[in-house]
Amino acid sequence: MNVIPRNILSALLTVMFAVVSITGVMMYFKIRVLSSEALHIWLGFAFVAISCLHLLKNWGGFITYFKKRSTLVSMFFGIFVTLVFIVTPLLDPQEKDVNPKGKIIGAMMNASLSKVAAFVDLDEAMMVKVLADKQIIASSKQSISEIAKANDKTNDDILNIVFTAPSVPE
């Protein structure tokens, strides 16, 4: 297996490891730079391929490592941690039947009118005025649900009125 010299495989493996590690951390922190996710994915495939070539090229040395008890313990620990992260969510999913639309609407119903205004980029003071014009008493600190309940209206009634308020002046 003398097609690719060891030093070239090791250098490629080092570069791939560094790039895949850095782009993985960037993805975790949601740092989007150019096409870092695509780079991460494709170089991840290259990393696997080069790792396999490196493993084949250095098989004799790896066999020596595998004879050591500390290597086996480390491997089994690594496999165990990996399995915990893979198997646990499969056995007990945290989010069952998630309805994103329902979550957004629920959050909006319980958020203060000022937060709803900021979220939909509408003028908070104008929302309160538009509600007052419809004989609905409200403050920007109240939630849509609280305003609806206090004025004997439905949440949808209040939302329909709120969303007719003019946009935030630019």
Mean Cα-pair separation over length for the chain, i.e. relative contact order, pairs under 8 Å, 6 or more apart, %: 16
Whole-Hz couplings from phi, Karplus 6.51/-1.76/1.60, listed for the range 15-24; x for Gly and Pro: 5, 4, 4, 5, 5, 5, 5, 5, 5, x
Shape parameters for the range 1-99, alpha-carbon atoms, Rg then Dmax in Å: 17.7, 56
Qualifying trypsin sites (Lys or Arg not before Pro) for the range 11-83 [loop in DSSP, other Cβ within 10 Å: at most 13]: Lys30, Arg32, Lys67, Lys68
Extent along principal axes [Cα atoms of the chain; Å; largest to smallest]: 84, 39, 21
Order of exposure, largest accessible area first, which applies to Ile86, Ile63 with probe 1.4 Å: Ile86, Ile63
Residue-wise HN-Hα coupling along the range 33-43, computed from phi with Karplus coefficients 6.51, -1.76, 1.60 (Hz; x: Gly, Pro): 10, 6, 10, 5, 5, 5, 4, 4, 5, 5, 6
Those lysines that a straight Cα-Cα span of less than 29 Å connects to Lys30, excepting residues fewer than 8 apart in one chain: Lys96, Lys101, Lys103, Lys115
Student exercise, the range 1-142 dipole from Lys, Arg, Asp, Glu Cβ charges, in Debye to nearest 20: 580
Heavy atoms of Thr23: accessible area, 1.4 Å probe, square angstrom to 10: 10
The range 76-135, dipole about Cα centre (Lys/Arg Cβ +1, Asp/Glu Cβ -1), debye to the nearest 20: 100
Residue-normalised accessible area of the chain, expressed per residue, 1.4 Å probe, Å²: 74
Under 5 Å, built H, 5+ apart or other chain: amide partners of Leu122: Val168
Neighbour-limited loop hits for chymotrypsin sites (Phe, Trp or Tyr not before Pro), the range 1-101 (at most 11 other Cβ within 10 Å; DSSP other than H, G, I, E, B): Phe29
Trypsin sites (Lys or Arg not before Pro) restricted to the range 113-170 and DSSP loop, no more than 10 other C-beta within 10 Å: Lys141
Given charges at Cβ of Lys, Arg, Asp, Glu: the chain dipole, positive-most of Asn99, Val15, Asn110: Val15
Rg/Rg_ref, the range 121-170, where Rg_ref = 2.2 N^0.38 Å and atoms are Cα: 1.04
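The values are calculated or read from the model by the stated rules, or taken from the named source; none is laboratory data. These numbers were taken from a predicted model, which means no experiment stands behind them. Neighbour counts run over all protein chains shown; Cβ positions are idealised from the backbone, glycine included. What goes into the accessible areas is simple: the full protein's heavy atoms, side chains included, and nothing from ligands, DNA or RNA. Shrake-Rupley method; radii C 1.70, N 1.55, O 1.52, S 1.80 Å.
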